[in-house]
1. Does the range A:261-269 contain any residue that is modelled with pLDDT of 85 or more, under 21 Å from the mean Cα position of the chain (by Cα) and within 28 Å of residue A:335 (Cα to Cα)?
2. All but one of (1) under 28 Å from residue B:83 (Cβ atoms); (2) over 18 Å from the mean Cα position of the chain (by Cα); (3) more than 7 Å from every other protein chain (Cβ to nearest Cβ); (4) surrounded by fewer than 20 Cβ atoms within 10 Å (Cβ to Cβ) hold for residue A:78; state the number of the condition that does not hold.
3. Take residue B:138 and decide whether it is crowded, with 16+ Cβ neighbours inside 10 Å and closer than 25 Å to residue A:162 by Cα.
4. Among the numbered criteria (1) closer than 23 Å to residue A:58 by Cα; (2) within 11 Å of chain A (Cβ to nearest Cβ); (3) touching a helix residue (DSSP H, G or I) at 6+ places or on another chain (Cβ under 7 Å), which single criterion is violated by residue B:148?
5. Restricting to the range A:297-309, what's the tally of residues that are part of a strand (DSSP E or B) and closer than 18 Å to residue A:342 by Cα?
6. Restricting attention to the range B:55-67, report how many residues are more than 11 Å from chain A (Cβ to nearest Cβ) and surrounded by fewer than 16 Cβ atoms within 10 Å (Cβ to Cβ).
7. Of all residues in the range B:121-133, which are closer than 16 Å to residue A:63 by Cβ and either surrounded by 15 or more Cβ atoms within 10 Å (Cβ to Cβ) or touching a residue at least 40 places away in the same chain (Cβ under 8 Å) (or both)?
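The values are calculated or read from the model by the stated rules, or taken from the named source; none is laboratory data. Owing to the predicted nature of the structure, the values given are computational and were not obtained by experimental measurement. Cβ atoms come from the backbone with ideal geometry, glycine included; neighbour counts cover every protein chain shown.
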């Protein structure tokens with residue numbers, strides 16, 4: 001701060017509380033002023049990941065900055081909030097060859113779609129991918145896989161082309177023939193700055209007396225920090241008979257993962273009460289939220305206007321978007337809007353922001369529909385696998401987040 | 001709010017109950033050269049004008065602003081951007097600071113290390129072999145870089 005300059009100017013000019021740090025340092029090479037670190041950060045935070053990884057070699061302080069967790073968080077936040085047209089990741093299946101694909105759509109590249117290859121050299125040999133789960137948080141993609149005969153998870157950051165494998169073995173008290181379902185979730189605990197993977201193991205039990213099927217679920221949580229699995233017991237969920245319905249219609253919202261399922265609370269009841277089963281990543285608690293009966297026949301969870309929402313469809317060429325105005329309050333489900341008239345559409349995949357819906361048409365082509373302008377945009381099939389069935393879609397933003405320890409691979 | 005530093009000056013004046021002929025008061029800005037200041041003033045005026053013209057239509061404002069910014073960038077030398085950033089920061093002019101930072105980011109995004117060093121007037125301070133190691137770790141990030 002140039003105090004000497006101040007003595008020359010009027011005493012009316014007080015720096016006071018708001019002090020502008022503007023250190024004009026002359027650099028060695030030329031007479032241009034060099035930037036203080038906080039302004040340099042403002043520039044670097046706006047760069048894509050590839051440039052930042054390269055610029056680590058500019059100077060030592062740049063290398064330190066790019067690996068600094070605070071900067072990484074700032075960079076992620078900037079790109080999450082400021083990106084006008086984020087890219088969409090679509091996970092799906094090639095039914096003929098039984099291969100899983102990940103497509104990335106870049107709106108800036110004229111709506112073209114390209115295949116994202118996560119089976120890099122080292123991983124391709126080890127892993128066959130199990131298509132039960134696909135999620136992405138903070139630029140990290142989480143996929144369930146089978147590694148050397150055991151189930152495992154892959155945490156992969158395509159922007160830095162590095163990933164980590166989390167192995168796990170099937171729980172010992174689970175006879176294979178009673179295993180009827182496996183469900184997963186990936187989340188981030190903001191309180192402990194920890195990534196978590198949730199595994200739900202479902203067994204079927206046919207009760208001898210009345211041959212009613214009961215479902216029992218065991219819940220396990222993996223903490224990336226602790227690098228271990230723990231089982232969760234004694235939740236209210238255990239007293240209820242819940243069958244999760246994994247049909248790619250779940251959503252991760254506000255640090256909570258939401259599955260759709262069926263509830264059978266009375267013996268003799270059939271499983272037809274539709275519910276949302278939610279799991280809070282920070283507090284590690286479950287909650288049941290019921291749907292109104294009129295959400296029929298098909299549902300997909302989404303986020304609209306920063307609230308939990310549900311896309312209801314299947315009866316006609318219109319799609320209803322319901323919003324839970326007050327989270328957790330079942331009475332607050334409100335029909336927010338009706339989208340349509342949509343012809344030739346098979347099902348909605350996801351809401352993108354508050355303005356667009358990503359849909360799948362009868363030919364399994366991805367279609368982007370703008371709610372306000374009612375414009376339809378078909379995402380190009382260049383690079384599309386031949387017979388491709390899209391299943392899940394999420395908004396993807398690049399990040400510098402990386403993991404250490406464990407089995408790390410490069411793609 | 002534009003030019004918050006200047007507004008702060010007037011606020012401080014009022015708090016002191018000093019009557020000042022606002023139109024004739026000279027505000028000392030020791031850390032801003034006249035050239036960047038002139039550009040910032042023009043930018044600010046244009047921004048306010050575009051906003052007034054498209055009062056309700058936020059999208060139109062954004063579009064027109066983008067067009068103006070593209071035109072402005074053609075007239076500004078890349079080296080001047082550093083001065084503009086410093087000036088915008090000093091004057092607490094957030095929109096201009098965001099714009100010029102974006103402009104610099106855009107200008108260096110696809111460039112080589114050597115270009116970036118020259119641009120910011122920096123020199124490598126790595127030990128022998130350290131830089132090579134770093135380059136190897138993310139060798140793919142050097143692909144497709146613009147020629148100098």
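1. Yes, the range A:261-269 contains at least one residue that is modelled with pLDDT of 85 or more, under 21 Å from the mean Cα position of the chain (by Cα) and within 28 Å of residue A:335 (Cα to Cα).
2. In the conditions (1) under 28 Å from residue B:83 (Cβ atoms); (2) over 18 Å from the mean Cα position of the chain (by Cα); (3) more than 7 Å from every other protein chain (Cβ to nearest Cβ); (4) surrounded by fewer than 20 Cβ atoms within 10 Å (Cβ to Cβ), residue A:78 misses (2) alone.
3. Values: crowded, with 16+ Cβ neighbours inside 10 Å: yes; closer than 25 Å to residue A:162 by Cα: yes.
Yes: the conditions hold for residue B:138.
4. With (1) closer than 23 Å to residue A:58 by Cα; (2) within 11 Å of chain A (Cβ to nearest Cβ); (3) touching a helix residue (DSSP H, G or I) at 6+ places or on another chain (Cβ under 7 Å) applied to residue B:148, the lone miss is (2).
5. Kept after step one, since they are part of a strand (DSSP E or B), are these residues of the range A:297-309: A:298-304, A:307-309.
Among the residues that remain, those that are also closer than 18 Å to residue A:342 by Cα are: A:298-300.
Qualifying residue count for the region: 3.
6. Taking the range B:55-67 first, the residues more than 11 Å from chain A (Cβ to nearest Cβ) are B:55-58, B:60-61, B:63-65, B:67.
Within this subset, residues satisfying the condition of being surrounded by fewer than 16 Cβ atoms within 10 Å (Cβ to Cβ) are B:55-58, B:60, B:63, B:67.
Of the residues in the range B:55-67, 7 are more than 11 Å from chain A (Cβ to nearest Cβ) and surrounded by fewer than 16 Cβ atoms within 10 Å (Cβ to Cβ).
7. Going residue by residue through the range B:121-133, those that are closer than 16 Å to residue A:63 by Cβ are B:122-133.
The answer is B:122, B:126, B:131.
Rundown of residues vs (1) surrounded by fewer than 17 Cβ atoms within 10 Å (Cβ to Cβ); (2) farther than 19 Å from residue A:298 by Cβ, yes/no style:
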{"site": "A:332", "(1), (2)": "yes, yes"}
{"site": "A:338", "(1), (2)": "yes, no"}
{"site": "A:342", "(1), (2)": "no, no"}
{"site": "A:349", "(1), (2)": "no, no"}
{"site": "A:353", "(1), (2)": "yes, yes"}
{"site": "A:356", "(1), (2)": "no, yes"}
{"site": "A:368", "(1), (2)": "no, yes"}
{"site": "A:375", "(1), (2)": "yes, yes"}
{"site": "A:379", "(1), (2)": "no, yes"}
